[in-house]
Amino acid sequence: MKTAIVTDSNSEISQSEANRLGVFVLPMPVIIDGHAYYEGLDLLSDQFFLALTQHRAVSTSQPSPGDVTALWDRVLSEYDELVYIPMSSGLSSSCATAKILAKDYAGKVFVVDNHRISVTQKASVLDALALREEGVGAWEIQQELEDSAFDSIIYIGVETLEYLRKGGRVTARTAAISTVLQIKPLLKIEGELLDACAKVRGTAGCKKKLLETIRGDAERLSAKWDIDIAVAGSYQDAAALEDWREMAVNAFPEHGGIFADPLSFSVSSHVGPDAFGMAVSRRLARTKDGI
């Protein structure tokens, strides 16, 4: 059986990286001024951030059923079965929609509900690839990923609450007060939940608090399993993302393989420019060097 691994662009896997890894990525739509654009296809980073910083009407949507099935059909013309790893069902209805669509594929499409997004979703993709290399089929890959779904956690710091206010996550009064006092919220994504974890004065303080907080999660998970540590950011400057990665490497010198990815446009539209995130997740089947 030839098994394909398919995900969406919220995994932070670009089209070029997908080609290198041998996976398929469904671009997530971003709505700008009422028009749908697709990350990595007809919407590039500079265009997206220009729209975001100009405070144009930017929102997100789940992929259309037609876009999902068109990709699946193309993949299944070359493969016998596929594993589809969408973003967390707790953060979008796209996973539930995919599960409904998969019923028409006679056991050839296995949709993973592993409650992850961003770099933890990417870690799941890498685990799926490693499991496939070990000869594991689509159904068992799905089971492995869902069994380890909650063995991950993400922390995100934001530069401004304005974009969370637009999404209804905070009130206008809270956003205004935080701006005046330079209070930065530290958010946590664990499973299906997005919650506020702490409030810290200034960006530097928020990064320090994030690194201190995630240390406990890394120690808890690494006591049982090998782990991945990764960072991400909605930076317009690639050097800023690398600086953030270096901070993580210095904080966790025992984990030299920390990778860094730009946050997807879908996630960035909710947290705004210059947000920074870090994640730790259980590694299922890879060596320390990855795939």
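The values are calculated or read from the model by the stated rules, or taken from the named source; none is laboratory data. What you see is a predicted model; the values in this text were computed from it and never measured. Counting neighbours? That spans all protein chains shown, and the Cβs are built from the backbone with ideal geometry, glycine included. To get the accessible areas, we keep the full protein, side chains included, count just its heavy atoms, and leave off ligands, DNA and RNA. Shrake-Rupley method; radii C 1.70, N 1.55, O 1.52, S 1.80 Å.
What's the FRET efficiency of residue 224 with residue 31 using the Cβ-Cβ distance as r and R₀ = 35 Å, to the nearest 0.05?
In this case the efficiency is close to 0.25.
Pull up the cross-link candidates among the lysines for residue 199, meaning alpha carbon to alpha carbon under 26 Å and not fewer than 8 places away within one chain.
Qualifying lysines at Cα under 26 Å: 166, 184, 188, 207, 208, 209.
Would you kindly derive the ³J(HN,Hα) couplings of the stretch 53-68 from the backbone phi angles with the Karplus curve 6.51 cos²θ - 1.76 cosθ + 1.60 (θ = phi - 60°), listing them in order in whole Hz, with x for Gly and Pro?
Residue by residue, the stretch 53-68 yields 6, 7, 6, 6, 6, 10, 8, 10, 8, 6, x, 5, x, x, 5, 5 Hz.
Taking every DSSP beta bridge with both residues inside the stretch 1-64, roughly what % is antiparallel (nearest 5)?
Roughly 65 percent of the DSSP beta bridges within the stretch 1-64 come out antiparallel.
Obtain the radius of gyration and the Kirkwood radius of the stretch 71-116 from its C-alpha atoms and give Rg over Rh.
Over the Cα atoms of the stretch 71-116, Rg/Rh equals 0.98.
In Å, the Kirkwood hydrodynamic radius of the stretch 182-221 over pairs of distinct alpha carbons?
10.7 Å
Grab the beta carbon distance between residue 77 and residue 47, set R0 = 35 Å, and tell me the FRET efficiency rounded to 0.05.
Plugging the Cβ-Cβ distance into 1/(1 + (r/R0)^6) gives 0.65.
Please give the length that would be gained between residue 254 and residue 67 if that part of the chain were fully extended, namely 0.36 nm times their separation in residues minus their C-alpha to C-alpha distance (nm, one decimal).
Extra length available between residue 254 and residue 67 comes to 63.1 nm.
Which whole-Hz couplings ³J(HN,Hα) result when phi for each residue of the stretch 157-163 is put into the Karplus expression 6.51 cos²θ - 1.76 cosθ + 1.60, θ = phi - 60°, listed in order with x for Gly and Pro?
Going residue by residue, I get x, 10, 7, 9, 8, 4, 6 Hz, with x marking Gly and Pro.
Output wanted: per-residue J couplings in Hz (rounded whole) for the stretch 96-112, from phi through Karplus 6.51 cos²θ - 1.76 cosθ + 1.60, θ = phi - 60°, x for Gly and Pro.
Running phi through 6.51 cos²θ - 1.76 cosθ + 1.60 with θ = phi - 60° gives 4, 4, 4, 5, 5, 4, 5, 4, 8, 10, 6, x, 9, 10, 10, 8, 8 Hz.
What span do the alpha-carbon atoms of the chain cover on each of the three principal axes, reported in whole Å from largest to smallest?
58, 47, 30
Charges on Cβ only, +1 for Lys and Arg, -1 for Asp and Glu, centred on the Cα centroid of the chain; of 96, 138, 161, which one is farthest towards the dipole's positive end?
My answer, from the dipole projection, is 161.
Give the accessible surface of the chain per residue, rounded to a whole number of Å², with probe radius 1.4 Å and ligands, DNA and RNA excluded.
Here the residues of the chain average 44 Å² of exposed surface.
Report the full-extension gain for the segment residue 212 to residue 195: residue separation times 0.36 nm, less the Cα-Cα distance, to one decimal in nm.
Between residue 212 and residue 195, full extension yields an extra 4.4 nm.
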